[in-house]
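What follows is a set of notes on a single structure, which appears directly below.
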Amino acid sequence: MRTYSVKESYVTLQGEGAQTGRAAVFLRFAGCNLWSGLERDRAEAVCNFCDTDFVGTDGENGGKFKGPQVLADHVLKVWLDGAPSGGQPYVICTGGEPLLQLDPEAIAALKSAGFEIGVETNGTIEAPMGLDWICVSPKANAPLKQLSGHELKLVFPQDEAEAQPEKFESLQFQHFFLQPKDDRAQAQNTAAAAAYCMKHPKWRLSLQTHKLIGLP
């Protein structure tokens, strides 16, 4: 029976993209296939601008969960503790790279617990069936295998030719977002992303509103 490694899980509001403002359990799986998560490896990583700690299982409500039912029971408890007043239970599976662990059995267990399921993935692994919302965030120098979904969210700017917005416009997504890179040049990145969206209306600007208002 599979054991799922979870860095953290908590109720907050989705801060990015088309689902901004929606209450959800953020279920952050440990591990990624594009960076170890260790600062000593960042410079050589395929994705070297990640702003998330996904190493280990020591975060809020983190741990190792043996089997899909144990995982789903845990997520339901987190939801009920944080948002007990009704509404459609929603879980966003994120990471790291959640599709290293999120499998059909876990999806089925979460569905049985009443959850609508979203995933935030780098797109290097094809998503399993049964997901209600697929957000793909492509990275330069990483093979893109998930070519359709609900939302494509591109961190901007990336210098590499294969990570320019026009490279993705023919893919089968409902929404196309540019998200300013969160680094020392964030103000300039935000201005550049906004300017691009003004000139290319297929794209919309996605800001990390949870950071702006102090949510996790």
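See the values below:
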item	result
Selection count, region 146-170, where residues are basic (K, R) and either crowded, with 21+ Cβ neighbours inside 10 Å or within 24 Å of E116 (Cβ to Cβ) (or both)	1
Contacts under 6 angstrom Cβ, first residue in region 169-194 being closer than 11 Å to P157 by Cα, partner among the charged types (D, E, K, R) and surrounded by 13 or more Cβ atoms within 10 Å (Cβ to Cβ), 6 or more apart	Q179/K153; N189/K181
Meets criteria (of a type outside the set (A, V, I, L, M, F, W, C) and either at pLDDT 95 or above or touching a helix residue (DSSP H, G or I) at 6+ places or on another chain (Cβ under 7 Å) (or both)) for N141	no
Failed item in (1) at pLDDT 95 or above; (2) of a type in the set (D, E, K, R); (3) within 30 Å of G87 (Cβ to Cβ); (4) in a loop (DSSP other than H, G, I, E, B), with E169 passing the rest	(3)
In region 197-216, residue modelled with the lowest pLDDT [restricted to those that are crowded, with 17+ Cβ neighbours inside 10 Å and in a helix (DSSP H, G or I)]	H210
Any hit, region 31-43, residues being among the hydroxyl-bearing types (S, T, Y) and touching a Leu at 6+ places or on another chain (Cβ under 8 Å)	no
Subset of region 140-165 [farther than 19 Å from E97 by Cα and either among the small types (G, A, S) or in a loop (DSSP other than H, G, I, E, B) (or both)]	P157, Q158, D159, E160, A161, Q164
Extreme residue, farthest from the chain's Cα centre (by Cα), among residues of region 109-147 that are closer than 23 Å to G86 by Cα and among the β-branched types (V, I, T)	I117
Failed condition for V25, given (1) closer than 18 Å to A108 by Cα; (2) surrounded by fewer than 20 Cβ atoms within 10 Å (Cβ to Cβ); (3) among the β-branched types (V, I, T)	(2)
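The values are calculated or read from the model by the stated rules, or taken from the named source; none is laboratory data. No experiment lies behind these values; they were computed from the predicted model shown. In this analysis, Cβ positions are derived from the backbone assuming ideal geometry, glycine residues included, and neighbour counts consider all displayed protein chains.
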